[in-house]
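One structure is given below, encoded as structure tokens.
The values are calculated or read from the model by the stated rules, or taken from the named source; none is laboratory data. Given the structure is predicted, the values throughout are model-derived calculations rather than measurements. Quick reminder, even Gly has a Cβ in these numbers, built from the backbone with ideal geometry, and neighbours come from all protein chains shown.
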Amino acid sequence: MIRSMRSLERGAGLVEYSLILALVAMITIGVLAIFGEGLTEQYECVVHEMGAEVGGGIQPVYRYTLVDPSTDEEIRRAQCGGKVNLTELNFRADAVSTATSVTFEIEGPGYSNTRTENNRPFAVFGNSGGNYSSSGTLAPGRYKVTATTDTGESSRFFFVVE
């Protein structure tokens, strides 16, 4: 009788551990469902900012510089996920020397656009010989830029318009 009680106690312990494991799994899935995209963006920004090697090489577009399209002057180096208080802007995108063109996909609040730049300097919203085009008026919110070089490598950049 004592042996059968000990056997039942071991079985109860196993059930308790299984329930705890299931609870931890459900909490993890819930956290990832709520914060997953934000965590992915943070990771991509860290990789981008560090210039870390991805897929065996440096980021294809490794730096963005905020440009005032009305003067074609550089304002500052843009930080991934950084805030911008301009509604009309452009970004110069510095790409690896092997890139001869860059396709930019831009997505944000009520905005979606894809464009290809075939001449340096590459610019997210376009340019002609260093004369930078305006983004047009962008609504406040978070924007994602995916830059893909003609070699097929891509990287992402995020910015927030205030």
Residue, surrounded by the fewest Cβ atoms within 10 Å (Cβ to Cβ), within region 87-129, restricted to residues that are under 20 Å from the mean Cα position of the chain (by Cα) and not in a strand (DSSP E or B): Gly110
Filter result (farther than 12 Å from Val102 by Cβ and outside any strand (DSSP E or B)) within region 130-162: Gly130, Ser133, Ser134, Ser135, Gly136, Thr137, Leu138, Ala139, Pro140, Glu162
Subset of region 97-136 [of a type in the set (Ser, Thr, Tyr) and either closer than 19 Å to Pro60 by Cβ or free of Cβ contacts under 8 Å to residues at least 12 places away in the same chain (or both)]: Ser97, Thr98, Thr100, Ser101, Thr103, Ser112, Thr114, Thr116, Ser128
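Listed here are the residues, each with its yes/no results for (1) at pLDDT below 90; (2) more than 23 Å from Glu73 (Cα to Cα); (3) polar (S, T, N, Q).
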site	(1), (2), (3)
Arg92	no, no, no
Thr100	no, yes, yes
Asn119	no, no, yes
Ser134	no, no, yes
